[in-house]
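For reference, the structure is listed below as structure tokens.
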Amino acid sequence: MKIEAALLSGLLAILRRMRPEQASNVAGRTCRMLGPWLPVSKVADANLRYVMPHLGRRSRARIIRDMWENIGRNAGELPHIAQLPQNPASGPGWDVVGAEHLRAQADTGKPVMFVSGHIGNWEMLPPAVARYGLVFSSFYRAPNNPYVDRMLCDLRNEAMGQAVPLFAKGARGARQALAHLIRGGHLGMLVDQKMNDGIEARFFGRPAMTASAMAAMALRQECPVIAGYVERLGPARLRIHVSPPLPLPDTGDRKQDQLLLTQQVNDYIEQKIRQHPGSWLWLHRRWNRQLNN
């Protein structure tokens, strides 16, 4: 474990010495070249064939190459996120579309939930939102290597400008997250991966088990839910899109309300993936049908 952590530490040190755009380019091009040859890329291809059957082999291959390039760019940019400027005239940095929704929510002083998916450089969303006074905690699946876990947490805390509590996925983490909301804290969730004990909603027109904790907590606390995603404009050049709060269903049936709110979020994420298919993480077995080919 220590050897693995030492290798990662050395790689991060090399990337940190580069300019942000240079680190993004080097890591992105490397992953674009090597990633499609990895066995896990077969899962991405099967996913694309399942939900976008109209795509030909070359189109799927191009999306998979773009996906790997985005993954590499995210890794190359991670050591630089804390220093990326806001609203640069040109070059590396980030800006926000829909910042008025963040300002309005910050003015209320009340808790809010943010939902997104693994689109673009999703690591930029928490520190960008934090700049508007809405520091949020997240659910988190720690790497098996505790030394690697510590390094990644340190990078994220550096980007946020402070240590932020993280909640483990599962029942205990859900209880802790709910208590965090009740105390007035903010919470962020990436809800685009399969959750076997979640709720069955539709995603790309197919049944997909989806985390239900977001909808359950939002409805219980009558907490605003803001959806957003990160669009990649170029090397280390990112744009955060923020929606107005989603309407909270109120049919009188709590289970139906949870499904309706979950479906709203799935529809939002699907729309953004369709706009930028090469920016999404296609590597997970997202749908209920087991994809073996």
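Mind telling me which of the residues LEU8, LEU34 ends up being surrounded by fewer than 19 Cβ atoms within 10 Å (Cβ to Cβ), more than 21 Å from the chain's Cα centre (by Cα), touching a residue at least 60 places away in the same chain (Cβ under 8 Å) and under 29 Å from GLN83 (Cβ atoms)?
Result of the check over LEU8, LEU34: LEU8.
Can we say ARG17 is closer than 20 Å to LEU155 by Cβ and among the basic types (Lys, Arg)?
yes
Write out, first by first residue and then by second, each pair whose Cβ atoms fall under 6 Å of each other, whose residues are 6+ apart or on separate chains, and whose first residue, in segment 200-226, is under 20 Å from LEU134 (Cα atoms) while the second is part of a strand (DSSP E or B) and modelled with pLDDT under 95.
MET214/MET189
Quick test of your reading of the structure: ILE182 fulfils all but one of (1) hydrophobic (A, V, I, L, M, F, W, C); (2) farther than 29 Å from ALA27 by Cα; (3) buried (at least 16 other Cβ atoms within 10 Å of the Cβ). Name the failing condition by number.
Single failed check for ILE182: (3).
Conditions tested, residue by residue: (1) acidic (Asp, Glu); (2) crowded, with 23+ Cβ neighbours inside 10 Å; (3) under 20 Å from LYS169 (Cα atoms).
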| position | (1), (2), (3) |
| --- | --- |
| ALA99 | no, no, no |
| GLN105 | no, yes, no |
| ALA128 | no, yes, no |
| PHE139 | no, no, yes |
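Does segment 210-232 contain at least one residue that is crowded, with 19+ Cβ neighbours inside 10 Å, modelled with pLDDT under 95, within 26 Å of ALA46 (Cβ to Cβ) and hydrophobic (A, V, I, L, M, F, W, C)?
Yes, segment 210-232 contains a residue that is crowded, with 19+ Cβ neighbours inside 10 Å, modelled with pLDDT under 95, within 26 Å of ALA46 (Cβ to Cβ) and hydrophobic (A, V, I, L, M, F, W, C).
Find all pairs meeting these conditions: Cβ atoms under 9 angstrom apart; at least six residues apart or on different chains; first residue within segment 172-194 and on the phi < 0 side of the Ramachandran plot; second residue aromatic (Phe, Trp, Tyr) and assigned to a loop (DSSP other than H, G, I, E, B).
Within 9 Å, the pairs are LYS194/TRP287.
The values are calculated or read from the model by the stated rules, or taken from the named source; none is laboratory data. Keep in mind the model is a prediction, meaning the values are calculated, not measured. As a convention, Cβ positions derive from the backbone with ideal geometry for all residues, glycine included, and neighbour counts pool all protein chains shown.
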